[in-house]
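The values are calculated or read from the model by the stated rules, or taken from the named source; none is laboratory data. Because the structure is predicted, anything quoted here is derived from the model rather than measured. Using ideal geometry, Cβ is built from the backbone for each residue, glycine included, and neighbour counts are taken over all protein chains shown.
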């Protein structure tokens, strides 16, 4: 009887490990094929967070709420996590920083864009981050020309 219980426990552990391995290696999805809930300019998004962070967070910060933002590229770089990051210009203290999943074929190829290009970026809002240098963060982004 003890051998059967031990065998069942071992099988359950192997199944859980297999599911965990699958989830860990599963490709991450971008916002490319997601219908945006809000279409807004980068400046309007940053303004909403600078006026009242908690109200803007309730409205925009949610993994199920995709945003499509339009704006002009201020800078492009690759961070230490190997993510392409595009900073959009705003008239606010906080720019909008858009993070792209590394090595992802369906992110719109952010490296092909240049400074001062007008773009549309779809993604999920991560809210206002940073005290000294605040920024509105967008994650799992997809980019296309305006």
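Residue check: residue 35 meets all listed conditions (1) in contact with a strand residue (DSSP E or B) (Cβ under 8 Å, 6 or more places away or on another chain); (2) surrounded by 10 or more Cβ atoms within 10 Å (Cβ to Cβ) but one, namely (2).
Once the stretch 117-133 is narrowed to residues that are surrounded by fewer than 24 Cβ atoms within 10 Å (Cβ to Cβ) and either under 11 Å from residue 69 (Cα atoms) or at pLDDT 90 or above (or both), the residue that is nearest to the chain's Cα centre (by Cα) is 124.
Listed here are the residues, each with its yes/no results for (1) more than 16 Å from residue 144 (Cα to Cα); (2) over 13 Å from the mean Cα position of the chain (by Cα); (3) surrounded by fewer than 19 Cβ atoms within 10 Å (Cβ to Cβ).
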site: 59; (1), (2), (3): yes, yes, yes
site: 62; (1), (2), (3): yes, no, yes
site: 69; (1), (2), (3): no, no, no
site: 77; (1), (2), (3): yes, yes, yes
site: 82; (1), (2), (3): yes, yes, yes
site: 88; (1), (2), (3): no, yes, no
site: 95; (1), (2), (3): yes, yes, no
site: 99; (1), (2), (3): no, no, no
site: 103; (1), (2), (3): yes, yes, yes
